[in-house]
1. Which one of these does GLU7 not meet: (1) part of a helix (DSSP H, G or I); (2) exposed (fewer than 14 other Cβ atoms within 10 Å of the Cβ)?
2. Answer with yes or no whether LYS47 is under 25 Å from GLU11 (Cβ atoms) and either in contact (Cβ under 8 Å) with a residue 40 or more places away in the chain or in contact with a helix residue (DSSP H, G or I) (Cβ under 8 Å, 6 or more places away or on another chain) (or both).
3. Scan GLU14, GLU65 and give me the residue that is assigned to a helix (DSSP H, G or I) and over 10 Å from the mean Cα position of the chain (by Cα).
4. Is there any pair with a first residue in region 6-30 that is under 15 Å from GLU70 (Cα atoms) and a second that is modelled with pLDDT of 95 or more and among the small types (Gly, Ala, Ser) whose Cβ atoms are under 7 Å apart and which are 6 or more apart or on different chains, and what are they?
Amino acid sequence: MKKVTTERPQEKAEKVLQKIIDKRQELGLSQTDLALKLNMTISGYFKVEKGDSKLDLIRLFEIAEVLNIEVKEFF
């Protein structure tokens, strides 16, 4: 049975981003560290975490790989 939710897509996205931030900090990585590991510009990665840049699926899988977690843990 499908889980019914009242969360808007923006709220869901913010929760995913917060989980990325929490995991990055848990691992002791700075935003700069993660940007470099993802081969992104630092400003580009900053925009992702702030929600100013949309996070595509490929990038989400790359972030999960760098953070050594399954993508499903973001949801």
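1. (1)
2. Numbers: under 25 Å from GLU11 (Cβ atoms): yes; either in contact (Cβ under 8 Å) with a residue 40 or more places away in the chain or in contact with a helix residue (DSSP H, G or I) (Cβ under 8 Å, 6 or more places away or on another chain) (or both): no.
Spelling it out, it is not the case that LYS47 is under 25 Å from GLU11 (Cβ atoms) and either in contact (Cβ under 8 Å) with a residue 40 or more places away in the chain or in contact with a helix residue (DSSP H, G or I) (Cβ under 8 Å, 6 or more places away or on another chain) (or both).
3. Details: GLU14 fails: over 10 Å from the mean Cα position of the chain (by Cα).
Answer to the check: GLU65.
4. Close Cβ pairs (under 7 Å, with a partner that is modelled with pLDDT of 95 or more and among the small types (Gly, Ala, Ser)) do not exist here.
Quick grid of which residues meet (1) more than 20 Å from LYS72 (Cβ to Cβ); (2) surrounded by 16 or more Cβ atoms within 10 Å (Cβ to Cβ); (3) modelled with pLDDT under 95:
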| site | (1), (2), (3) |
| --- | --- |
| ARG24 | no, yes, no |
| GLY28 | yes, no, no |
| THR32 | yes, no, no |
| ALA35 | yes, yes, no |
| ASN39 | yes, no, no |
| SER43 | yes, no, no |
| ASP52 | yes, no, yes |
| LEU55 | no, yes, yes |
| PHE61 | no, no, no |
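The values are calculated or read from the model by the stated rules, or taken from the named source; none is laboratory data. Just so it is clear, the model here is predicted, and its values are computed rather than measured. Here Cβ is always computed from backbone atoms with ideal geometry, including for glycine, and neighbour counts include all displayed protein chains.
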